[in-house]
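Readers should treat all values here as calculations from the given coordinates under stated rules, not as data from a laboratory. Given the structure is predicted, the values throughout are model-derived calculations rather than measurements. Glycine gets a Cβ as well: all are built from the backbone with ideal geometry, and neighbour counts include every protein chain shown.
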Amino acid sequence: MDKIEILGIVGSLRKNSYNHAVLKAAQDLTPPGAVLNLIELHGIPVFNQDTEMTLPDSVLEFKRRILAADAILFATPEYNYSLPGGLKNAIDWASRPYGESAWLGKPAAVMGASTGSLGTARAQYHLRQILVTLDMPVVNQPEVMIGNAAQWFDQDGKLTDVPTRQCIQKLLGALIHLVKVSPVSLNYPKGHA
């Protein structure tokens with residue numbers, strides 16, 4: 001297998017997002033033989049099924065990046081006990097039109113950072129429910145839920161907590177393993193929709 005391409009999806013639109021910072025940390029922790037590229041959700045309009053047959057350019061690019069990846073790493077904040085609307089919206093767009101989902105068979109992992117004490121636990125569980133219907137195999141362990149995020153990042157946005165960095169390394173290792181062994185991912189060549 002060539003170098004494994006992981007697409008890191010930043011679930012927050014906030015400029016100084018902890019979830020963007022945690023994905024930047026994951027880029028530094030990605031093992032040899034894999035690469036983690038990031039994508040943000042800026043510019044993706046609100047999903048409208050009336051326009052799904054002529055997808056907006058921003059959605060076409062988003063789907064192209066998903067299809068080109070071997071795996072997906074979601075980093076989500078938690079808003080009102082769930083994942084943010086912008087992330088759910090982007091997921092919906094990439095699953096449409098019916099029968100042309102970019103998500104089908106893509107191995108995935110989930111992590112998140114929050115200023116709250118639960119570290120995006122509820123958002124991650126809701127996201128996992130969505131991934132079931134998208135037919136995406138998902139890493140179950142370790143769970144990376146970074147609570148009280150402000151204390152784990154320095155003023156430049158770098159993740160400084162060693163145990164958290166180690167947990168992210170384990171998550172990346174498990175995702176890469178899932179890519180290599182997943183019968184679902186082996187059945188769908190890169191670019192399949």
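Against the main long axis of the alpha-carbon atoms of the chain, helix 18-29 sits at an angle near 90°.
Could you name the aspartates and glutamates in cross-link range of residue 3, using Cα to Cα under 14 Å and dropping any fewer than eight places away on the same chain? Cα-Cα hits under 14 Å: 70. In this structure, the amide hydrogen of residue 138, modeled 1.01 Å from its nitrogen in the peptide plane, lies closer than 5 angstrom to those of 108, counting only residues at least 5 positions away or on a different chain.
The listed peptides 46-54, 84-92, ordered by packing as a protection proxy, come out as 84-92, 46-54 (highest mean of other Cβ atoms within 10 Å first). With angles folded into 0 to 90 degrees, how steeply does helix 121-133 sit against the dominant principal axis of the chain? Use alpha carbons for both and round to 10. That helix lies at roughly 20 degrees to the long axis. Taking the longest Cα principal axis of the chain as reference, the axis of helix 162-181 is set at about 30 degrees.
Would you mind classifying the chain by shape? Square roots of the alpha carbon gyration tensor eigenvalues, ordered a ≥ b ≥ c; an a/c under 1.5 is rounded, otherwise it is prolate if a/b is larger than b/c and oblate if not. Oblate.
Quote to one decimal, in nm, the extra length available between residue 150 and residue 125 on full extension: 0.36 nm per residue of separation minus the C-alpha distance between them.
Details: separation 25, 0.36 × 25 = 9.00 nm, distance 2.23 nm.
Full extension of this stretch gives 6.8 nm more.
Using only the Cα atoms of the stretch 20-133, build the gyration tensor, take square roots of its eigenvalues as a ≥ b ≥ c, and label the shape rounded, prolate or oblate: rounded if a/c is under 1.5, else prolate if a/b is larger than b/c, else oblate. Could you put the intermediate results ahead of the total?
Working: a/c = 1.80, a/b = 1.26, b/c = 1.43.
Note, shape of the stretch 20-133 comes out oblate.
With the highest mean first, a sort of the peptides 24-35, 104-115 on other beta-carbon atoms found within 10 angstrom per residue produces 104-115, 24-35. Per-residue Karplus couplings for the stretch 7-13, computed as 6.51 cos²θ - 1.76 cosθ + 1.60 with θ equal to phi - 60°, are listed in order as 9, x, 9, 7, x, 10, 8 Hz, Gly and Pro entered as x. Classify the stretch 103-147: rounded, prolate or oblate, from the alpha-carbon gyration tensor (a ≥ b ≥ c, eigenvalue square roots; a/c under 1.5 rounded; otherwise prolate if a/b is larger than b/c)? In terms of gyration-tensor shape, prolate.
Evaluating 6.51 cos²θ - 1.76 cosθ + 1.60 at θ = phi - 60° for every residue in the stretch 55-72, the Karplus couplings come out as 4, x, 4, 5, 6, 4, 5, 4, 5, 4, 5, 5, 4, 6, 7, 8, 7, 10 Hz, glycine and proline recorded as x. Bridging of residue 15 to lysines at a Cα separation below 18 Å is possible for 24, 158, once same-chain residues fewer than 8 apart are set aside.
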